[in-house]
């Protein structure tokens, strides 16, 4: 007896999709490769042959970036700001989601609607009153002047993600814990938080990246060079060293690499956190 092997037919639609995704991937990766390539060239070579491989390979751009610019201090400022924003948003968003999914109170749906509606307001529309508030409290040129607005700006997105995930969590374990004598704090910290790790990871990644790349708020709230986060320092490089394209490329590479590393190691958590609970079995 001859056994017929089932061969999967290749559809034309699949080929078109793969071609489109390949082209999209190339256009996404190319700018990063271009930056890395030019970061090892002298400035004159970048201007003349920016798309070719380095003729005169040099580390001088990276050495100048660390010698002439206080990059390590800027990294420290960025980690303090972005880390504080991430932790603050995770704590507040998880508590908000727990209250809005586990308790019934008057005006609950209005609160949820307002949270979702706040996603439509960009940070540019509120920066003037926020700046006046920070000025009145003498918080300008301090990390807290960036941390507080960024927490407020990221909280709506984080709350929506956490609410959507927490709604689908089974409530039976919480009820059993209450019957065993656990209080609300114990249920939240020992049951809810461990179950919400995928969504918390998603919130943490997005909030960290948004805070890290938020040049607008950083430039408005911080004017002292010693307090600059890394992205604000890059803006100064582009204005102060406008003709040194090699130094600019090296500085951009220095800023991008940490974000790229974070995304490579945590990309699975991003997809898992956004899709978990979306399909009910």
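Is at least one residue of the range 164-178 at pLDDT below 90, within 21 Å of the chain's Cα centre (by Cα) and either under 22 Å from residue 91 (Cβ atoms) or surrounded by fewer than 20 Cβ atoms within 10 Å (Cβ to Cβ) (or both)?
Yes: one or more hits.
Does residue 50 fit the bill of being closer than 30 Å to residue 185 by Cβ and in contact (Cβ under 8 Å) with a residue 12 or more places away in the chain?
When the stated conditions are applied, residue 50 does not pass them.
Output the number of residues of the range 179-216 satisfying the condition of being over 17 Å from residue 89 (Cα atoms) and in contact (Cβ under 8 Å) with a residue 60 or more places away in the chain.
Qualifying residue count, the range 179-216: 1.
Could you check the range 61-144 for helices (runs of 4 or more DSSP H) lying wholly inside it with 3 or more residues that are within 25 Å of residue 230 (Cβ to Cβ)?
Correct list: 71-102, 127-136.
Given the criterion part of a loop (DSSP other than H, G, I, E, B) and farther than 20 Å from residue 229 by Cβ, identify the matching residue among 181, 164.
That would be 181, the only listed residue that is part of a loop (DSSP other than H, G, I, E, B) and farther than 20 Å from residue 229 by Cβ.
The values are calculated or read from the model by the stated rules, or taken from the named source; none is laboratory data. These figures come from a predicted structure and were not determined experimentally. Glycine gets a Cβ as well: all are built from the backbone with ideal geometry, and neighbour counts include every protein chain shown.
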